1. What single numbered condition from (1) part of a helix (DSSP H, G or I); (2) without any contact (Cβ under 8 Å) to a residue 60 or more places away in the chain fails to hold for TRP189?
2. Outside any strand (DSSP E or B) and either buried (at least 19 other Cβ atoms within 10 Å of the Cβ) or touching a Phe, Trp or Tyr at 6+ places or on another chain (Cβ under 6 Å) (or both): does that describe THR204?
3. Check whether at least one residue in segment 278-290 is in a helix (DSSP H, G or I), basic (Lys, Arg) and either open to solvent by less than 60 Å² (accessible area, probe 1.4 Å) or free of Cβ contacts under 8 Å to residues at least 12 places away in the same chain (or both), and report yes or no.
4. So which residues in segment 161-179 are open to solvent by less than 60 Å² (accessible area, probe 1.4 Å) and within 20 Å of PHE354 (Cα to Cα), if there are any at all?
5. Please find, within segment 241-269, the residue that is most open to solvent (accessible area, probe 1.4 Å) out of those that are in contact with a helix residue (DSSP H, G or I) (Cβ under 8 Å, 6 or more places away or on another chain) and polar (S, T, N, Q).
6. Of these, ARG386, ARG356, which one is part of a loop (DSSP other than H, G, I, E, B), open to solvent by 20 Å² or more (accessible area, probe 1.4 Å) and of a type in the set (Lys, Arg)?
7. So which residues in segment 145-160 are open to solvent by 40 Å² or more (accessible area, probe 1.4 Å) and closer than 10 Å to VAL33 by Cα?
8. Within segment 28-61, how many residues are part of a loop (DSSP other than H, G, I, E, B), surrounded by 20 or more Cβ atoms within 10 Å (Cβ to Cβ) and among the aliphatic types (A, V, I, L, M)?
Amino acid sequence: MPSKTEPIIIVGAGAFGLSLAHELAANRGYTDVTVLDRHLPPVPDGSSVDVSRVIRSEYADPLYASLGREAIEKWSSPEWSEHYHEAGFLIFANGQGHPYFDACLQAAAVNAKTVGKVAMNSPQGGWAHAKNAIASLAERASQAGVTFITGSRGKVVELLKEGSKVKGVRTAGGDTLTAPTVVLATGAWTNRFMPQLEHNLSATGQVLGFIQLTTEEANRYKDVPVMMNLSTGVFTFPPTPDTHQIKIARHGYGYQSSMKASDDRVISCPSDSLTKYIPREAAEALEHGMAEFYPEFAGRHWCNTRLCWYTDTPDGDFLADYHPKIEGLFFATGGSGHAFKFLPVLGRHVADCFERKAHPDLQKKWKFHTVGERPRALVMGSDGSRGGPPLRKLSDAEQAKL
């Protein structure tokens with residue numbers, strides 16, 4: 001277990017990095033925790049920001065179902081409730097069933113109820129204002145003593161090692177920061193820093209869009225639940241109370257880019273700029289989903305679209321473990337498009353892994369897998385919850401628009 005007085009560097013100010021930093025400094029007595037990122041949180045191109053994220057406990061996996069119920073209880077507490085909207089969660093599938101849906105029924109909380117054969121409605125759950133929740137957590141982490149370094153001095157470009165031990169990082173500003181423990185909470189950018197992770201992590205772009213409603217339209221739909229069609233992967237939210245926008249997205253296999261890392265490896269990774277581009281086929285899928293969920297607004301012009309970059313693992317399990325061959329290097333990533341909902345409890349469980357005292361079931365589920373344990377041919381995100389077309393690489397023309 002790392003010393004509580006020696007420096008700890010956490011690279012990445014998203015859900016994993018912030019929640020771990022706050023837990024270590026506020027609750028576990030660590031006195032020298034530094035978070036590095038290009039931006040002050042909430043980081044604008046991270047997967048843990050934006051207006052809304054789904055909060056639910058409906059999972060095929062009993063462990064995540066249990067964590068979901070634990071998180072919902074915390075979302076309802078005074079510390080988190082201002083960011084949480086308990087609108088309910090409606091999940092359904094086309095036809096007469098869906099394997100993941102059937103497993104969700106078996107693992108569901110007792111307050112969930114079936115509606116017909118292919119739908120499940122839970123009054124618990126809903127959505128959280130992700131950007132505001134992340135900003136609040138960053139403020140609490142700062143108050144607990146966490147140091148934040150941003151801009152070029154916070155943009156990490158190289159992981160520094162000495163033999164088989166990590167010794168710090170080098171930033172775009174030319175600074176070298178030393179620490180015996182470095183945490184990579186770098187999400188979809190993780191493969192930039194570390195080679196031979198493709199069997200554990202891959203970045204995929206997932207589509208989302210927004211339409212604008214009038215105040216009168218938003219009031220008519222303010223009480224609808226979060227809704228998801230497992231067969232297509234498309235899900236949507238009620239209108240936001242302040243901006244009156246409806247967000248719709250797809251939890252699918254997504255799109256891969258082809259970017260060059262500093263060592264000339266070709267990886268899938270986000271660009272460093274934010275654009276509104278999404279592939280045409282993805283826009284059509286969102287348009288079809290809008291017609292299904294909100295027929296009144298079918299065909300309405302998008303006021304914003306973009307790709308949200310997941311950090312996928314083959315089975316949808318997170319990665320919270322030490323590198324088996326590099327001493328002092330810990331990973332806290334692999335959210336696979338479903339980590340944010342656990343934000344109020346995520347730091348505690350990741351910190352347990354960090355201190356090597358997590359429950360054996362959790363340690364096994366969030367462990368670092370070697371190439372032999374997890375062949376490269378595995379398809380990322382194969383936990384059964386995805387919908388829509390197979391994963392595909394963006395063309396050169398498409399990627400040029402990112």
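1. Among (1) part of a helix (DSSP H, G or I); (2) without any contact (Cβ under 8 Å) to a residue 60 or more places away in the chain, TRP189 violates only (2).
2. Numbers: outside any strand (DSSP E or B): no; either buried (at least 19 other Cβ atoms within 10 Å of the Cβ) or touching a Phe, Trp or Tyr at 6+ places or on another chain (Cβ under 6 Å) (or both): yes.
The answer is no for THR204.
3. Yes, segment 278-290 contains at least one residue that is in a helix (DSSP H, G or I), basic (Lys, Arg) and either open to solvent by less than 60 Å² (accessible area, probe 1.4 Å) or free of Cβ contacts under 8 Å to residues at least 12 places away in the same chain (or both).
4. If the condition is that a residue be open to solvent by less than 60 Å² (accessible area, probe 1.4 Å) and within 20 Å of PHE354 (Cα to Cα), then VAL166, GLY168, VAL169, ALA179 are the ones that fit.
5. Only one residue fits best here, namely SER262.
6. Only one candidate passes the filter, namely ARG356.
7. Those that are open to solvent by 40 Å² or more (accessible area, probe 1.4 Å) and closer than 10 Å to VAL33 by Cα: GLY145, THR147, PHE148.
8. Matching residues across segment 28-61 total 3.
The values are calculated or read from the model by the stated rules, or taken from the named source; none is laboratory data. Not measured: the values here are computed from a predicted model. Here Cβ is always computed from backbone atoms with ideal geometry, including for glycine, and neighbour counts include all displayed protein chains. Side chains are part of the model used for accessible areas, which takes the heavy atoms of the whole protein and leaves out ligands, DNA and RNA. Shrake-Rupley method; radii C 1.70, N 1.55, O 1.52, S 1.80 Å.
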